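The values are calculated or read from the model by the stated rules, or taken from the named source; none is laboratory data. Here the structure is a predicted model, which means the values were calculated and not measured. All Cβ positions, even for glycine, are placed from backbone atoms using ideal geometry, and neighbour counts span all protein chains on display.
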Amino acid sequence: MYARMAVAVAVLIAGYFGINPPGFVAQVVAFAFGLAASTFFPIILMGIFYKAMNKEGAIAGMITGLVFTLAYISYFKFINPMDNNAEHWWLGVSPEGAGTLGMTLNFIVAYGVSKFTDEPPQEVQDMVEMIRVPRS
């Protein structure tokens, strides 16, 4: 039921932005890739190369990256577009590049949370090791 509701909401949002695009196609694509980079990339990378990564760290990192990137883009594109210039951007990063900042925060939070919570079960760590190191 929740999945169907989420799909319905996603379709409505996509339809709205299809009719009223927030910018040029390249801008929208940059936002989409920024959101993907700030949520999925760090967790995929850490899931492969950091055996202590656990679900708590992954979830915390993904939420942090998503919320930060969405807030950054929303602030400069919808809430206060008059401040959308290099003088007001954080570390000089435009909203189109906000995924880089969100990705960095995701890495930091995921690592920190995984350090202070239980390691994943040994069978999960073994599976990651088996996938990560090719065998002949």
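Points worth noting:
- Among the residues of the range 44-59, the ones that are in a helix (DSSP H, G or I), crowded, with 19+ Cβ neighbours inside 10 Å and either at pLDDT 95 or above or in contact with a Pro (Cβ under 8 Å, 6 or more places away or on another chain) (or both) come to 2 in all.
- Test: ASP83 is charged (D, E, K, R) and in contact with a helix residue (DSSP H, G or I) (Cβ under 7 Å, 6 or more places away or on another chain): yes
- On inspection, ALA30 does not qualify as outside any helix (DSSP H, G or I), of a type outside the set (Asp, Glu), in contact (Cβ under 8 Å) with a residue 40 or more places away in the chain and in contact with a Pro (Cβ under 9 Å, 6 or more places away or on another chain).
- In the range 76-127, residue surrounded by the most Cβ atoms within 10 Å (Cβ to Cβ) [restricted to those that are touching a Pro at 6+ places or on another chain (Cβ under 8 Å) and part of a helix (DSSP H, G or I)]: ASN106
- Residue ID - nearest to THR64 (Cα to Cα), chosen from residues in the range 107-136 that are of a type in the set (D, E, K, R) and touching a residue at least 60 places away in the same chain (Cβ under 8 Å): LYS115
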